[in-house]
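Notes to accompany the following structure.
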Amino acid sequence: LGQGELKDQLSDLIATNGLVDRVIMPGHVENVMELLSIADFLIHPSLLDSSSVTVKEAGLAGLPVIVCEGIGDFDSYIVNEKNGFLVNPNSFVNDAFELIAKYKDDKVKLEQMSSNLREVILDQFQIENTIKGWQKLILPFSL
C-alpha cells in the first residue's frame with residue numbers, strides 16, 4: 001500500500017486484523033511492476049485520478065483491483081465483480097476490507113477477474129486503438 005491521508009486508518013485496520021506480516025505500505029517506489037507481481041490486490045483509494053496508469057499496470061500484471069467508483073475513467077472499463085471492484089469513495093476503507101476478506105481465498109474468481117481486466121486493458125488501451133481515438137478527435141479540425 002502507498003501512503004496517503006488514510007494511512008493511519010489503514011494501519012489501524014491492518015494491526016487490528018492481524019495482517020501486519022501480510023501488508024506493506026512502502027510509499028513511493030521505483031519497482032512498481034515487481035511489487036505488483038507479488039501482491040494479492042491493488043487497492044487504489046485515489047479520489048483525483050483522471051486515468052490511472054497504475055491500475056492499468058496492475059491489470060496487465062494479473063492483479064485484481066479495488067478502485068473508487070465515479071473517479072477518473074474507472075467506470076468506463078471496470079465492471080464491478082467482473083474485472084475489478086468499484087467501491088464507494090466515502091466508505092472505501094471498510095468496503096475494500098470487506099471485499100478482501102470475502103474474496104481472498106477465491107483464487108478462481110480473482111484469476112478470472114484479473115484475466116478479464118487484462119483483456120479489457122489490452123483492447124481499449126493498446127496504442128493502435130488509442131491512436132484511432134485521437135484521430136477521430138483531431139481529424140475534424142485538421143485542414
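Here, each number is a calculation from the coordinates, and none is a lab measurement. Just so you know, these numbers come straight off a predicted model, no measurement behind them. Because the Cβ atoms are built from the backbone with ideal geometry, glycine has one as well, and the counts that use them run over all protein chains shown.
Here the dipole of the chain is about 320 debye; that uses its Cα centre as origin and unit charges on the Cβ of Lys and Arg (positive) and Asp and Glu (negative).
Charge tally for residue 112 (other residues, Cβ to Cβ under 14 Å; Lys, Arg +1; Asp, Glu -1): 0.
If you find the alpha carbon centre of the stretch 61-101 and of the stretch 116-143, how far apart are they in angstrom? Value for the Cα centre distance between the two parts: 24 Å. Close amide H pairs (under 5 Å, H built 1.01 Å from N) link residue 42 with 65, 66, residues at least 5 positions away or on another chain. Which one of 74, 108, 39 has its Cα pushed farthest toward the positive end of the charge dipole of the stretch 27-119, where Lys and Arg give +1 and Asp and Glu give -1 at the Cβ? Among 74, 108, 39, the one farthest towards the positive end of the dipole of the stretch 27-119 is 108.
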